[in-house]
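Note sheet for the following structure.
The values are calculated or read from the model by the stated rules, or taken from the named source; none is laboratory data. All figures in this text were calculated on a predicted structure; none of them were measured in a lab. Note that each Cβ is placed from the backbone with ideal geometry, even for glycine, and that neighbours are counted across all protein chains shown. With ligands, DNA and RNA removed, areas are computed over all heavy atoms of the protein, side chains included. Shrake-Rupley method; radii C 1.70, N 1.55, O 1.52, S 1.80 Å.
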Amino acid sequence: QVQLVESGGGLVQAGRSLTLSCAASGSIFRINAMGWYRQAPGKQRELVATITNGGSTNSAASVKGRFTSSRNSAKNTVYLQMNSLKPEDTAVYYCNVQKYTNYWGQGTQVTVSS
């Protein structure tokens, strides 16, 4: 099992920045990728950004150039730096770890006011 603890969500004005953190513990060997998904009210959960063990990144078109995922392997922590936030970025953000199965954090609310 993998336990994920997220932090860093909150309320922020449009145009400002926010950083999310997610620390993994437990069965953390053979992790293929870590990253972030989000789910807005009435919408499906969607990919935000992921980063593999090799450092390759993948992000949604809607956040390219604004959001950056990074990983500190020594701390088993993944970060999401969110810049130039928009009201449409409002959602619950979930940390994700990919092994032979997916593990999810409890989610952290990000609200962007206009």
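Put simply, the amide H of LYS99, placed in the peptide plane, has neighbours under 5 Å in ASN32, leaving out anything fewer than 5 places away on its chain. Put simply, when 86-97, 52-63 are sorted by average Cβ atoms within 10 angstrom per residue, most first, you get 86-97, 52-63.
The gain in end-to-end length when the GLN13 to LYS64 segment is fully stretched comes to 16.4 nm, 0.36 nm per residue minus the alpha carbon separation. Gain on full extension, evaluated as 0.36 nm per residue between SER113 and SER56 minus their Cα-Cα distance, stands at 17.3 nm. Candidate cross-link partners of LYS86 among the lysines, defined by an alpha-carbon separation under 18 Å and a same-chain spacing of 8 or more, comprise LYS43, LYS64.
What a 1.4 Å probe finds exposed on segment 1-109 is 47% carbon and sulfur by accessible area, rounded to a whole percent. Summary value for segment 1-104: 34 percent relative contact order, contacts being C-alpha pairs under 8 angstrom separated by 6+ residues.
The order of LEU11, LEU20 by accessible area, most exposed first and with a 1.4 Å probe, is LEU11, LEU20. Sequentially through segment 24-29, phi angles give Karplus couplings (6.51, -1.76, 1.60; θ = phi - 60°) of 9, 8, x, 7, 9, 7 Hz, Gly and Pro residues having no value and appearing as x.
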